[in-house]
Each structure stands twice: as structure tokens, then as C-alpha cells.
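Since the structure comes first, as C-alpha cells, the remarks are kept for the end.
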Amino acid sequence: MAIASRDLALDVATPRADRLARAGRALRRHPTLMAGAVALVVIVIAAVSAPLWWTGDPLQMRPIQRLRPPSAEAWFGTDHFGRDIYTRTIYGARISLTVGAAVSAISLVFGTTLGLVIGFYRRLDTVMMRVMDGVMAIPAILLALALMALMRASVRNVIIALVIPEIPRVTRVVRASVLSLREHLMVEGARALGVGTPRILVRYILPALVAPLLVQGTYICASAILVEAYLSFLGAGTPPVVPSWGNIMAEGRAYVQLAFWIILFPGIFLAATVLAINLVGDGLRDALDVR
Amino acid sequence: MLAEVLRRLMATIPVMVVVAIAVFALLHVTPGDPAVIIAGDYATADDIARIRAKLGLDRPFLTQVGIWLSQVVRGDLGTSIFSGLPVSTLIKQRAEATVSLTILAMLISVGVGVPLGIVAAWKKGSWIDRLVMVVAVSGFSMPVFWLGFVLVYVFAISFAWLPVQGYQPLAAGLWPFLRHLILPAVTLSVIYMALVARMTRASMLGVLGEDYIRTAFAKGLPPGRVLVRHALKNASLPVVTIIGIGFALLIGGAVVTESVFALPGLGRLTVDAIVRRDYPVIQGVLLIVSGVYVLINLVIDMLYVVLDPRIRY
Amino acid sequence: MRDLSRRQFLAGTTAAAAAATVRAPFAHAQKRGGTMRFIPHADLKVLDPIWTTAYITRNHSYMIYDTLFGTDDKLQIKPQMVDKWGSTDRGMKWSFTLRDGLKWHDGPPVVAEDAVESIKRWTKRDPLGKLLAAHTAKITPVDKKTFALELAQPFGPVLDALGKPSSNVPFIMPARIAATPDTEQIKEFVGSGPFRFVKDEWQPGNQVVYVRNAEYVPRGDTPSGSTGGKKVNLDKVIWRYIPDAATAAAALDAGEIDWWENPPLDFVPRIEKNAALATFVTDPRGTQGWVRPNHLQPPFNNKKARQALLYMVDQPAYLQAAIGQPKFYKTCPALFTCGGPWESAAGAPPKQDLARARQLLKESGYDGRPVVVLDPTDIALTHGAALVTRELMTQIGFNVDLQSMDWSTVVARRAKKDPPAQGGWNLLFTWWIASDVINPAVHAGISGAGASAWFGWPENGEIEKLKTDWVRATDRGRQKQIAEEIQKIAYDEVMYVPFGQWVLPTAFRKNVQGILQFPAPVFWNVSIA
């Protein structure tokens, strides 16, 4: 008891410099996490403030200047309609990041809710898990492709098409955690006290899920950005009027020998962003000690 | 054991039924209409209606599901709306390319990924470890088609060592078969390789900390022997799991790879069918692919028993 | 023998060549044998050439079927399967006799009844065929090799109908197959042509395989277009569908492919620089691009709104975006193509006039509703046209809803007459080769038949009457007059807006010789050294 109060006192009294020193140590311990995070932050800032970075109009066609290699005027060259690749790449970050973040957030929300409900109400368990298994058995990209074929091409529909295959995976993870945590003494005690199920879910189980869900979320984000690129490459992704990295590369695929810069730069940005997100995910997993 | 296998096989049936219905439902809640495409350029509304009736597209949804399921159970996957060929024929024509590509890619990934993971685990914390992991993650982060184009540009165009596209069946000879598959398989394997390497490393790290490993090292056994014969065997369980899960990733990647290298595989077949709303083909392929996936997972579950005698059902 | 109508119909030959042509690869010493690997411009999905107008199906059909008459490279109609023919009674009664040696791939000889049934099936679908049928009293076999055609009213272009080079082509099939109703697709693919279709090796989406028909007896004359002797030098032809242009280019470079039908024009300069490759314009008459409005739905059910489009389109901008390489395109106001026998600028707006377009749009009472424009992104030329259209339409005050999709979806959607919000459309893009729009009888775009016209469904009774007049006219000068009248009406109604004319070169390895000048790629006379 005495030790606890002393620790308490220490905690309150820690000066700011000490906290900074602790952060610095964390940095050195997880260099990859930091590198990934820094890269990601730079890309997000660039995307959000795109007009500030010497960009032009991503949709403007200047057919006279089609297929020009990188130069002082067009840093990443132009495509077959004379559009500036640099501008499109920076603006493309917006779309790709939006898709990644949205898919991640939405599938986490739905998946967690489903997982919590299924984990707690045993009766639903067998049926729902069979359905989840069924959906997971269909390769994600084929499912997303089939879904896109039903819907008009738009960013919103791409997000929906990417969310649906992800939900079962999140549900699985959450359900597994719920199943193990249910038996925990704390929970049993709360139930004995008559605490309602929703409250149990929110107060006891959910906090334990935050860390693994955060890690899972970063991986989903990375995967969504990649799959959007695949869908666009196959012609079923975001509409061509909307520049996303996948789109720019899809339109440039015919020019890989003639004007490889169309595929090269968005590809580098895409790989770098996905890499950064994956590193952040890995780092978080190590730092938060998630299995 | 046999009873267990049977039990698990039976358990997959409801899953497959769900898949079948989901696939069917997906395609029929649709604005696109194959009847219009088939009807041709001069069709009137009557013609289109007649074709829909002929294809059975105008019957109530549940009836269509029922008919389809009863056909599937008898092994009849239907007929492609566009080419008029039976779906099973189309799948048979295209299966070899996809299966060859996937297996070759998996062999490369496991063959390269596992040793990389072992090395990274053994030298944990060193620059080798960091390098391997960063390379692995990079492979995982690159778009498959981008890598494919880069490889084609370097190896097939600049150096002209390998063909640009196309597929030669095994019947045409082993070397032509391999030659045409090397670039696509390497492209595809890169993603998978990363996963395998990471999982191997993580799993090995867990095992390498165990007492019996330290004893083995202390006894003076050569490191290679310790790593492979003792550590790997015990670490293999999660790796095998990853191989099962990764299959779905491979199939997804195969769809894109086949497009880049013009391989006549199931991936391209499905993409074409989806775009044209050739329902029977889409349904048939998704069903078969999902079935294979479920079976692979079943096999892997069974492998657990072999690899870890502690696991008993 | 009356050849007046034939000459009137398709006169004007040497002037017909448009834009850039490269020296034709004539076959000198023709090597026999070998396999040709060819990349077609599309995937072969439908095998019935009467059912669909798709050019890929037409190309497939030229491999395995034969035609009664053909069109040569000077647009002259000459006999192919026919040996002797003649007309009597001032062109009201025709008689045709088949030549010797014609056999079906499954053995039996070709008889007159086969020809009659095939023609009948063709006349049910093709616009020119329908015109012919409307003027015909009866067509019957006379004996095993002869059949007769009796007209009910004068009809000039009889031979031109039977020798029509492009979709739909009256290919001759066995009578039992031709008896298939025109609303269904044929299920057997037996022809009498120079190649056989190897159905077992057909992989839709991947490859089509043909082998030489050893039983085929070619005519004695020099091959030209689809006329003359179809001597086959190749043993086998494989059509490998490679949708990715970069892969196709690399395959041609590497020698994995011998002949690439339609390289995107951006690849042509590089191909021309490669010493092992060559290019050739197989159809110098060219292709015409269309911006086609939907006359049934607002806003384009209003003539002024359509005319706004007319003054908005700037052909150079469209061609630059859609085609890209100036060497291969040119602007052209003639609906019946520049370089064709009925070329005229009558009725066409002199130049782009955005101010006038804006004015017309205002006068039409446009209410600002979104205009659905179909954008097939997988076809570079229509995608380019769609993007330019969006920019221009926005500039003059339209609210544009550009919807991206692939060509198959466009094909499905364009048939819908519903309002755009319920799956219909307002504006679409397409293209036709010169042979398909070269005169008022074949041109699908100037039909004013309303609901039964080509997609877009313009309605104008006068133009229909003029078309019949044209077909019945005997004097060339009168025909020219009528053609110009027709064009004026078509422009006034804005049945469509042409966005330019271009030619497409084909690319092949230099060891390929004997490629003929014809709108479709044909494989007789071709050899691989």
C-alpha cells in the first residue's frame, strides 16, 4: 500500500523534461515505428494541403503536351492527355488516404460491433460464424470486384466494396477476444453485481480490444489502399475523373515502355505510403505488446 | 482420426452453401443485364424479354437459387451466357495456368521466406534482422502489377532473357513451361514471401527462447542443426497457418498478375465474366475457388496433428 | 448486264485513300506453311455475324465463311462465290450461279438453297438488307447452283448489298444453320471459307484457333480486298487476345507475336523506328467518330439543346485527345466521310462557336438537370472524347454527369430508352469505319426511324423518304443532290456530331508478307517468311 501511494506521488510530480526523455527512449527503441509515423504524417500533410505544394489542376488536359518526360515544368512528366503527373500524384494521395482511412474506420466499427454481439450471445454464434467463414472463403479481391460490378464507379462505392470483405476478419478477432475475456473474473464479478450486458461490453471488454484493433486497423488501411489500386488497375475502381494512385497507374499501364513515369511516381508514393502504414502497424504491435 | 476428418468435411458444407447463396445473391441484385448484351445491337424490348425468359432470368430469385443449387450438386455448373461453353469446360481450360502460377509462387515464397525468417530470428536485433524485415515489409507494400511491370521491363525487354507474356502448358515441355512462369511467379511470390518471413521470424523467436533450445546450443550442436531440426519443427505451426491464410492473398494477387502477363488463368476469366455479367461463370468460379480455399484450410488443420502431436481432436 | 447502279453507288476510288499510308507489303515469293500469331483488337465473344455488328465477329467470319460477292480495294463489287450472274427486265429480275468447287467444312457441296437461306437471314437484321427485302418480291433457288431474285420495286444496289464488306456481312452458311431465327445465335460454325474454326481450342478471353481448309478452291484472279483468289499460305492462325497494350507491344518486339491488329497510335512511332517491324494502313478510307445524343430524353429531346452540341464540338481538340498523333487524323465535316464518293460539307457548322452554343442552350430552356454522359474508359478514343466533351459542355453551361464504365456496359446501357435516372443515358460516343457510313443506304446514324433507329432514336420522316429516293435514283447527279439534302437534315436535327476522321495502322514483323488492304484483317495471301 505504501509503495502504491509513493508511486502515485511520483507520477504526479514528474516534470515535463522527464516525460520528454521517456518519449525519446521510446523513439530509439522503435525506430521503424517512428520512421513510418513521420513518413505518414508528411504524406498526410501534403495530401491535405495539396494546393500549397506547387501543384496545378489535376484534371486539366493539355493534349499538346502529352507524354512529356519529367522536366522543370512538369516534375513528374505528363500523361497521354497532357495532365501533370506531379499534381495528380499529390491530389491522388487524398483519394487513396481517404479510402484507406474510411475502410479501416468503418470495418473496425462494424466488425467490432458484430464481434461483441456474437461473442456475447451464444445463440447467434454458430450461424453468424458460418456466414462469416463463408464470406471469408471468397478471395477478397474477387468479392470486391464483384461488388464493384454491381455498383456505379464512385469513391463511396469503392469504400463499401472494400469494407465488406474486411468485416468478417475483424469480427473474428473481436469475437475471439470476447470469448476469452468473458470468463475473466472481473466480468463475472460485474455480472454477479447485475451490471447490464451492454455496460459490460463497453466498460470491461472494449478497452482490452483497443490495442489489437488499432494494430488491425493500420493493416486494414494499408491493405485497402493497395486493393483500391488493384481494382482501378482492373478497371473497376474509382472513376477516372477522380485521380487516385491506382487510377493514374491504370491509365498509364499502356505506356510502361513509352512513358514509364506515369506508373513510376504514383507507384513509388503508393508503396511508400503503404510501407509507412505497415511500419506504424508493426511498431504499434511491438510497442503495445499485442500478440 | 478419420472420424475427425469426416466431421470437419461435413462442417464445411454449410459454409459452402452460404458461399453459394451469397455469390448468387450478389450477382442478381444488379443493375446490369446480360440479356441486353446478348440480344445484340438491333434488339427490341421484346427480343430482350425473350432472352431473359430463355436464360431463366425472369423467374423469382428463390426459384433461380434452387435451380442453380440442384444443378451444382449434380456437378453441372451451368453454361456461359456469352460463349455458350459449359462453365466446367472454361474452368478446366484455365485452371492449369492459375494452379501452376500459384503453386510455383508459393514454393518460391516459402523457399525464400522461411530461411529469411530463420536468419532474422537467429540474429535478432542486428542489422541483418532489420534489413530482412524492412525488405519483407516493402515487398508486402508494393502493388503487384507495378512490380510486374518493372520486372518485365528489366528482364523481358531490356535483357530479353525471359518472355514478356503468355503461357506454355506443361505438356509443351518443362523448360518452356517454367520460362513463361518465372516472372509472374516471382512477382506474385514477393507479397507472400514477406508474410511467410515475418511469421517464421515471430514464431522462431518464441521457440528460440525455450529452454530446450538453449540446452541444444549448450551441448555444442551445430547451429544449423539446432535451428532446422529442433526449432523449426516446433515453430512450424503458425507458419503452416499463414500458408493457408495466404492462399487467399495469392489468389487475389494472381488475378492481377494474370492480367499483366496475359496468362490464360481463372483470374482473368473471372474478371472478364464479372465485367460482362456472365453470371454462370462468375458463380462457378467463385464457388470452386472458395471450395478450394476451404479444403486447403481443412488440410492445414489436419497437418497440425502431424506437426504437433500434442494436438489431439 | 446492268452495272450502272453499281458504279454510281461506289464510284470514286483513287480519291478514296485518306491520310498516311505506308508502302503495302506485297507478297512476292510466298512461303507456304507456318503459324501466324495475331493480336485482335477485341475478344471474340459472339460467333454469329448476323446477330451482332461487332467487328471482331465479322473478322472471325471472314476466316471461316465465304461471300457471294466481295469488295476490292477500289471499292468495286466483284464476284466471289458466284460464277455467272445477270439481270433482265431492266434490273427487276436477277439470276446468280455459284462457281464450282465450293464445299462446306463438313463435306457436302454448297448449293443454291444455302445461299438463299443465308441471304434471307441477313436481310432480317442488316439495314441495307432490310431495304433489299422491302423491295424484293421473292428469292428462290432455281437449281442446285442457281438462284433467282425478283424485285417488286426498282432497287439499284443489289450487288452492293450482296457484296457488303462490313457489318453485317451476308456470309453464306449451310441452309440448316441459316434457318436459325435471327433472334437466336447460331450454334454450329460450319462454313465454306479458306479456314476452319477449331472449336475445341477456343478459349474465350484468351485465344481462337483456325487451321487451313485444305479443301478450299480459290478463284483464279488476284486477291484484292474480299475479292479474288483466297489462296492460303499459312497452316494455322492463332488469335491471342492481349488486352494490355504495353504487353502486346513487348510481345511484338520480342517476336512472340507476328501481327498486331490495332496498336494504339502512341506506339506507332516506336514501332516505325524498330527495323524488324513495319506498319501499314489497311483501311485508308478511315474511321469516323460520333458524339450521339439521345433524342428521346430531355434535354436533348429539344432541338436547340442538340444544336448547342453542334456548335460546341471542336474537332481538333477531340482528335488530339482521342487519337493523339496528328499524322493519322484529320478534321472532316462530311457525314459520309471525306474521301468517300458522297463527301460534302453541306449543313455542317463552319467552326466551333461557343457563344452561339451558349445562346442556343439558353434558348432551349435547359433546366440545369444533370446530363448523363457515358464514358467507356477501356477504349482510349472514346475516353478521350468523353473527357473533352465534359470540359466543353461545362463551359457552355451544361451540368455534366460523366459516368465511367467499360464498353460492354455501354453496349448494355445504350439500348435503354428509359430516363437517365432509371438506367438510360443522354450522350454517348462511338465510331464507325468508312464502309459503314459511306452512303445513305448503309449509314445507321442518319436513320430517322425513331424508336427503331440506331441508339439515340432520332425521328424524322423526311429523311426516310429521301433515303428511299436515293436508293431508287438512277442519275449520279440526282443522287449527289439527295445525299446533300440528307446531310443537311441530319445536321439540322443533330442526329449526331462527327468529331473527326482517322486511320489506324496495323503493325507486324517484317517477315510477314501479303497483308491486303481491306477494312477487316484477312489471312489469305499472307505468308510468314
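The values are calculated or read from the model by the stated rules, or taken from the named source; none is laboratory data. Small disclaimer: the values here were computed from a predicted structure and weren't measured. Heads up, the Cβs are rebuilt from the backbone with ideal geometry, glycines too, and the neighbour counts pull from every protein chain shown.
Some notes on this structure:
- Considering segment A:224-242, and only residues there that are crowded, with 24+ Cβ neighbours inside 10 Å and among the small types (Gly, Ala, Ser), the residue that is nearest to the chain's Cα centre (by Cα) turns out to be A:224.
- Of the helices (runs of 4 or more DSSP H) lying entirely inside segment A:179-279, those containing at least 2 residues that are over 26 Å from residue B:164 (Cβ atoms) and of a type in the set (S, T, N, Q) span A:206-233.
- Scope segment C:347-381; condition touching a Phe, Trp or Tyr at 6+ places or on another chain (Cβ under 8 Å) and part of a loop (DSSP other than H, G, I, E, B); matching residues: C:347, C:348, C:349, C:352, C:353, C:366, C:378, C:379
- Candidates in segment A:62-106 are the residues that are crowded, with 18+ Cβ neighbours inside 10 Å, touching a strand residue (DSSP E or B) at 6+ places or on another chain (Cβ under 8 Å) and not in a loop (DSSP other than H, G, I, E, B); of these, the one that is nearest to the other protein chains (Cβ to nearest Cβ) is A:78.
- Contacts under 8 angstrom Cβ, first residue in segment A:71-96 being over 15 Å from residue A:61 (Cα atoms), partner polar (S, T, N, Q) and in a loop (DSSP other than H, G, I, E, B), 6 or more apart: A:90/A:55; A:91/A:55; A:92/A:244; A:95/A:238; A:95/A:244; A:96/A:244
- The lone exception for residue A:59 - which of (1) closer than 24 Å to residue A:253 by Cβ; (2) more than 14 Å from chain B (Cβ to nearest Cβ); (3) buried (at least 22 other Cβ atoms within 10 Å of the Cβ) it fails: (3)
- Some residue of segment C:178-191 being within 21 Å of the chain's Cα centre (by Cα), more than 14 Å from chain B (Cβ to nearest Cβ) and crowded, with 19+ Cβ neighbours inside 10 Å: no
- Candidate set: segment C:404-416, residues that are facing chain A (nearest Cβ under 10 Å) and crowded, with 21+ Cβ neighbours inside 10 Å; chosen: the one nearest to the chain's Cα centre (by Cα): C:409
- Complete set of residues in segment C:46-94 that are of a type in the set (Val, Ile, Thr) and either more than 14 Å from chain B (Cβ to nearest Cβ) or in a strand (DSSP E or B) (or both): C:64, C:67, C:71, C:77, C:82, C:88
- Within segment C:342-387, the only residue that satisfies the criterion of being more than 32 Å from the chain's Cα centre (by Cα) and within 14 Å of chain A (Cβ to nearest Cβ) is C:370.
- Some residue of segment B:27-46 being surrounded by 20 or more Cβ atoms within 10 Å (Cβ to Cβ) and at pLDDT 70 or above: no
- Verdict on residue A:182 being among the charged types (D, E, K, R) and within 14 Å of chain B (Cβ to nearest Cβ): no
- Across segment B:262-283, the number of residues qualifying as more than 15 Å from residue B:85 (Cβ to Cβ), facing chain C (nearest Cβ under 7 Å) and at pLDDT 80 or above comes to 2.
This table checks each residue for (1) surrounded by 20 or more Cβ atoms within 10 Å (Cβ to Cβ); (2) modelled with pLDDT under 90; (3) touching a Pro at 6+ places or on another chain (Cβ under 9 Å); (4) not in a helix (DSSP H, G or I).
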position	(1), (2), (3), (4)
C:266	yes, yes, no, no
C:275	no, no, no, yes
C:280	no, no, yes, yes
C:290	yes, no, yes, yes
C:295	yes, no, yes, yes
C:304	no, no, no, no
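- Per the conditions (1) surrounded by fewer than 22 Cβ atoms within 10 Å (Cβ to Cβ); (2) within 13 Å of chain B (Cβ to nearest Cβ); (3) within 14 Å of the chain's Cα centre (by Cα), the sole criterion not satisfied by residue C:43 is (3).
- The condition of being small (Gly, Ala, Ser) and part of a strand (DSSP E or B) does not hold for residue C:344.
- Applying a threshold of 6 Å to beta carbon distances and a minimum spacing of six or more residues, or different chains, the list of pairs starting in segment B:47-59 at a residue that is facing another protein chain (nearest Cβ under 8 Å) and ending at one that is not in a helix (DSSP H, G or I) reads B:47/C:183.
Residues checked against (1) without any contact (Cβ under 8 Å) to a residue 12 or more places away in the chain; (2) under 18 Å from residue A:269 (Cα atoms); (3) facing chain A (nearest Cβ under 7 Å):
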residue	(1), (2), (3)
B:133	no, no, no
B:137	no, yes, yes
B:142	no, yes, yes
B:146	yes, yes, yes
B:149	no, yes, yes
B:152	no, no, no
B:156	no, no, no
B:162	no, no, no
B:165	no, no, no
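- Criterion violated by residue C:393 - all others in (1) away from chain A (no Cβ under 11 Å); (2) outside any helix (DSSP H, G or I); (3) touching a strand residue (DSSP E or B) at 6+ places or on another chain (Cβ under 7 Å) satisfied: (2)
- Subset of segment C:212-258 that is within 14 Å of chain A (Cβ to nearest Cβ) and charged (D, E, K, R) - its residue that is nearest to residue C:67 (Cα to Cα): C:244
- Verdict on residue C:199 being surrounded by fewer than 20 Cβ atoms within 10 Å (Cβ to Cβ), within 14 Å of chain B (Cβ to nearest Cβ) and on the phi < 0 side of the Ramachandran plot: yes
- Scanning segment C:423-446 turns up one or more residues that are more than 16 Å from the chain's Cα centre (by Cα), within 14 Å of chain A (Cβ to nearest Cβ), touching a residue at least 24 places away in the same chain (Cβ under 8 Å) and surrounded by 22 or more Cβ atoms within 10 Å (Cβ to Cβ).
- The listed residue being surrounded by fewer than 22 Cβ atoms within 10 Å (Cβ to Cβ) and within 24 Å of residue A:277 (Cβ to Cβ), out of B:154, B:134, B:119: B:134
- Among the residues making up segment C:469-500, those that are under 26 Å from residue C:159 (Cα atoms), in contact with a Leu (Cβ under 8 Å, 6 or more places away or on another chain), of a type outside the set (A, V, I, L, M) and part of a helix (DSSP H, G or I) are C:485, C:487.
- The lone exception for residue C:400 - which of (1) free of Cβ contacts under 8 Å to residues at least 60 places away in the same chain; (2) over 30 Å from residue C:441 (Cα atoms); (3) of a type in the set (Val, Ile, Thr); (4) out of contact with any Lys or Arg (no Cβ under 7 Å at 6 or more places or on another chain) it fails: (4)
- Residues that are part of a loop (DSSP other than H, G, I, E, B), modelled with pLDDT of 90 or more and of a type in the set (A, V, I, L, M, F, W, C), drawn from segment C:413-437: C:425
- Extreme residue, farthest from the chain's Cα centre (by Cα), among residues of segment A:243-291 that are among the β-branched types (Val, Ile, Thr), surrounded by 22 or more Cβ atoms within 10 Å (Cβ to Cβ) and within 22 Å of residue A:98 (Cα to Cα): A:262
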